[in-house]
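Student: Just passing along the structure, written as structure tokens.
The values are calculated or read from the model by the stated rules, or taken from the named source; none is laboratory data. Everything quoted here is computed from the prediction, not taken from an experiment. We place every Cβ from the backbone using ideal geometry, glycine too, and count neighbours over all the protein chains shown.
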Amino acid sequence: MDKFIIFDLDGTLVNTLDGITKTVKKFVKISKYNYSYTKKDVKSFIGSGVEILYKRVTKKDNIDQKELDLFMNLYSKYQKKSRLYKGVKKTINILNNRGYKCFLFSNKPDNLVKELSKTIFKGVKIYAYQGQDLNYPPKPDSSLLTKSILDKYKLDSKYGYYCGDTNIDLMTANNATLKPILCLYGYGYYDNINSDCIKISKFKDLLKILK
């Protein structure tokens with residue numbers, strides 16, 4: 001029996017809001033959009049992948065590939081502003097010592113997830129990283145999660161958790177039949193969360209739950 005926990009990235013393990021806000025502000029300026037976004041606005045756009053983020057910023061239903069390429073370049077550039085939330089490294093390493101395999105599954109593009117795995121995740125025991133693959137729908141669809149993590153590592157979902165910060169993450173957990181954990185410090189809006197889930201206000205609170 002492998003007990004395990006799969007983590008979302010943005011707003012769960014890593015504070016990426018400053019970098020994404022910088023991306024959005026720089027993009028609208030370069031592209032000469034007459035839009036102005038606050039950090040709070042940008043926070044509300046996050047969670048469904050970069051293409052959806054781009055559409056929310058531009059207020060377009062379709063993608064202009066040249067614009068998206070510029071957006072992606074800026075997104076990658078300002079990723080360096082990302083930082084682990086307090087307690088993430090210590091908590092994940094303790095969970096590993098308790099026998100939990102820890103994974104990361106995000107709607108952030110897979111190449112950027114892999115870049116982060118080599119930089120700010122140094123010294124953090126993550127068993128495997130998986131970002132968005134455009135051959136699969138983004139979260140809350142769980143087909144990529146199932147193939148790349150559950151099936152690949154022969155994990156039984158009844159022994160696992162999915163930990164994230166938005167309603168999309170709760171739906172992802174339910175679609176993959178994993179037990180949901182909601183991080184109340186992230187990018188979601190929590191006033192109307194009625195889901196039967198575990199809620200934590202600090203990342204280290206996981207240690208009270210996962211013995």
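Student: For segment 12-31, give me each residue that is at pLDDT below 95 and assigned to a loop (DSSP other than H, G, I, E, B).
Tutor: Scanning segment 12-31 gives a single hit, THR16.
Student: Which count do you get for residues in segment 57-68 that are of a type in the set (D, E, K, R), touching a residue at least 12 places away in the same chain (Cβ under 8 Å) and either assigned to a loop (DSSP other than H, G, I, E, B) or closer than 21 Å to PRO137 by Cβ (or both)? Reasoning before the result, please.
Tutor: Taking segment 57-68 and keeping what is of a type in the set (D, E, K, R), we get 59-61, 64, 66-67.
If we keep only those that are touching a residue at least 12 places away in the same chain (Cβ under 8 Å) too, we end up with 59, 67.
Filter again for either assigned to a loop (DSSP other than H, G, I, E, B) or closer than 21 Å to PRO137 by Cβ (or both), leaving 59.
Going through segment 57-68 one residue at a time, the tally reaches 1.
Student: Residues in segment 143-165: is at least one under 28 Å from LYS39 (Cβ atoms) and either among the acidic types (Asp, Glu) or surrounded by fewer than 18 Cβ atoms within 10 Å (Cβ to Cβ) (or both)? Let's see the steps before the verdict.
Tutor: Initially, segment 143-165 is screened for residues under 28 Å from LYS39 (Cβ atoms), giving 162-165.
Applying the additional criterion that residues be either among the acidic types (Asp, Glu) or surrounded by fewer than 18 Cβ atoms within 10 Å (Cβ to Cβ) (or both) yields 165.
Yes: segment 143-165 contains one or more residues that are under 28 Å from LYS39 (Cβ atoms) and either among the acidic types (Asp, Glu) or surrounded by fewer than 18 Cβ atoms within 10 Å (Cβ to Cβ) (or both).
Student: Give just the number: which of (1) assigned to a helix (DSSP H, G or I); (2) charged (D, E, K, R); (3) under 16 Å from CYS163 (Cβ atoms) does GLU51 not satisfy?
Tutor: All conditions are met except number (3).
Student: Then there's this: Name the residues in segment 1-28 that are among the aliphatic types (A, V, I, L, M) and either surrounded by fewer than 22 Cβ atoms within 10 Å (Cβ to Cβ) or within 18 Å of ILE209 (Cβ to Cβ) (or both), would you? Explain how you work it out, then say what you get.
Tutor: Taking segment 1-28 as the starting set, the residues that turn out to be among the aliphatic types (A, V, I, L, M) are 1, 5-6, 9, 13-14, 17, 20, 24, 28.
Scanning segment 1-28 gives MET1, ILE5, ILE6, LEU13, LEU17, VAL28.
Student: Going by the conditions given, is LYS60 more than 25 Å from ASP8 (Cα to Cα), surrounded by fewer than 17 Cβ atoms within 10 Å (Cβ to Cβ) and outside the structural domain of PHE7 (by TED's automatic domain parsing)? Let's see the steps before the verdict.
Tutor: Working: more than 25 Å from ASP8 (Cα to Cα): yes; surrounded by fewer than 17 Cβ atoms within 10 Å (Cβ to Cβ): yes; outside the structural domain of PHE7 (by TED's automatic domain parsing): yes.
So LYS60 passes the test.
Student: Right, something else. Give me the pairs: first residue in segment 69-85 and part of a loop (DSSP other than H, G, I, E, B), second residue at pLDDT below 95 and among the hydrophobic types (A, V, I, L, M, F, W, C), beta-carbon distance under 8 Å, and six or more apart or on different chains, which are they?
Tutor: If the second residue must be at pLDDT below 95 and among the hydrophobic types (A, V, I, L, M, F, W, C), the pairs left are SER82/LEU116; SER82/ILE120.
Student: Next question, about the same structure. Restricting attention to segment 54-71, and to residues there that are among the aliphatic types (A, V, I, L, M) and modelled with pLDDT of 95 or more, which single residue is farthest from the chain's Cα centre (by Cα)? Can you show your working first?
Tutor: Filtering segment 54-71 for residues among the aliphatic types (A, V, I, L, M) gives 57, 63, 68, 70.
After this cut, where a residue has to be modelled with pLDDT of 95 or more as well, the list is 57, 68, 70.
Details: VAL57: 19, LEU68: 20, LEU70: 22 Å.
Among them, the one singled out is LEU70.
Student: Given the criterion among the aliphatic types (A, V, I, L, M) and touching a helix residue (DSSP H, G or I) at 6+ places or on another chain (Cβ under 9 Å), identify the matching residue among ILE168, ILE94.
Tutor: ILE94
Student: Now for a different question. If you check LYS125 against the conditions, is it touching a strand residue (DSSP E or B) at 6+ places or on another chain (Cβ under 9 Å), surrounded by fewer than 16 Cβ atoms within 10 Å (Cβ to Cβ) and without any contact (Cβ under 8 Å) to a residue 60 or more places away in the chain?
Tutor: Values: touching a strand residue (DSSP E or B) at 6+ places or on another chain (Cβ under 9 Å): yes; surrounded by fewer than 16 Cβ atoms within 10 Å (Cβ to Cβ): yes; without any contact (Cβ under 8 Å) to a residue 60 or more places away in the chain: yes.
For LYS125, the condition - touching a strand residue (DSSP E or B) at 6+ places or on another chain (Cβ under 9 Å), surrounded by fewer than 16 Cβ atoms within 10 Å (Cβ to Cβ) and without any contact (Cβ under 8 Å) to a residue 60 or more places away in the chain - is met.
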